[in-house]
1. When the helices in the chain are scored as -39500 (n - 2.57) per DSSP H run of 4 or longer and the sum is shared across all residues, what 222 nm value do you end up with, to the nearest 500 deg cm²/dmol?
2. Restricting to Cα pairs below 8 Å that are 6+ residues apart, what does the relative contact order work out to for segment 133-196? Please round to a whole percent.
3. Sort K209, K111, K141 so the one with the fewest other Cβ atoms within 10 Å of its own Cβ comes first.
4. When the chain is treated as a GNM, springs tying every alpha-carbon pair under 10 Å, which of L188, L16, L106 comes out with the largest mean-square fluctuation?
5. Give the order of T201, T189 when sorted by the count of other beta carbons within 10 angstrom, beginning with the fewest.
6. Mind checking which aspartates and glutamates have their C-alpha under 15 Å from K141, skipping anything on the same chain fewer than 8 residues away?
7. Kirkwood Rh, the chain, all Cα pairs: how many Å?
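What follows is calculated from the coordinates using simple rules that are stated; it is not laboratory data. Predicted model only: the values in this text are computed from it and were never measured. No Cβ is skipped: glycine too gets one built from the backbone with ideal geometry, and neighbour counts run over all protein chains shown.
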Amino acid sequence: MEPVWNAVDEYFNDRLHLSDTVLAAALEESTAAGLPAINVTPAQGKFLALLARMGNARRILEIGTLGGYSAIWMGRALPSNGTLITLEISQRNADVALRNLERAGLTARVKIMVAPASESLDRLIADRGEPFDLVFIDADKERSVPYFDAALQLTRPGSVIVVDNVVRDGAIIDAQSTDGNVQGMRRLTERVAREPRVSATAIQTVGSKGYDGFIIALVQP
Ligand code: DHB
Ligand code: MG
């Protein structure tokens, strides 16, 4: 039986108008190109967009572009002089994302860096650009700690760092888990807990993507 939370996501998608032709087309293109359906949900995309707007984000960094679905949500939340840099290891995914971002009219504001994220992050750190106001980490779960460390170097007090997929159907509490993704998120949680530069929480989520959650960290003075 389909869990009730799918129906609830549909209810809110419908009532709160959480999709449109551009967003729907992005998902259709992603599916047609064979990308896995692991994009954020419409409700989560709107949540990221609202976070960006609440923090007046002008510079956003995303680690893990996939088909560009969350990039459309966050890109739309930017002011006209804003920038979203999104990091993607796969040229194939980036090609899909670029088409989706073109359809969304966002290519002036959104830049895709195609390389292993650790290389792109090293480059961004070396470039010493303006800090990012919002970072969304949604990539290789085993590398969550190095991505978080890089995010800390690329932000400022007041910036927000969001990490996707920290609950994994509840597996996060299994210290013996042989799943590298779970262990990656456990290491991240320990890392965040010991980091005095952030104040963080974790929010469990259910919806059409099942049971998972976010860590949300505020970079503090
Ligand atoms: C997976 C990755 C994601 O970023 C996600 O949101 C859900 C699942 C995965 O690799 O299985
Ligand atoms: Mg994810």
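1. Numbers: 8 runs with 93 residues, N = 221.
Only helices count here, giving -13000 deg cm²/dmol.
2. On the way: 66 pairs, mean separation 26.7, N = 64.
Result for segment 133-196 is 42 percent.
3. Working: K209 19, K111 13, K141 23.
In order of increasing Cβ crowding within 10 Å: K111, K209, K141.
4. So, out of L188, L16, L106, the one fluctuating most is L16.
5. Details: T201 10, T189 18.
Fewest to most other Cβ atoms nearby, the residues stand as T201, T189.
6. Qualifying aspartates and glutamates at Cα under 15 Å: E62, E88, D149, D164, D169, D179, E190, D212.
7. Details: mean 1/r = 0.0569 Å⁻¹.
Result for the chain stands at 17.6 Å.
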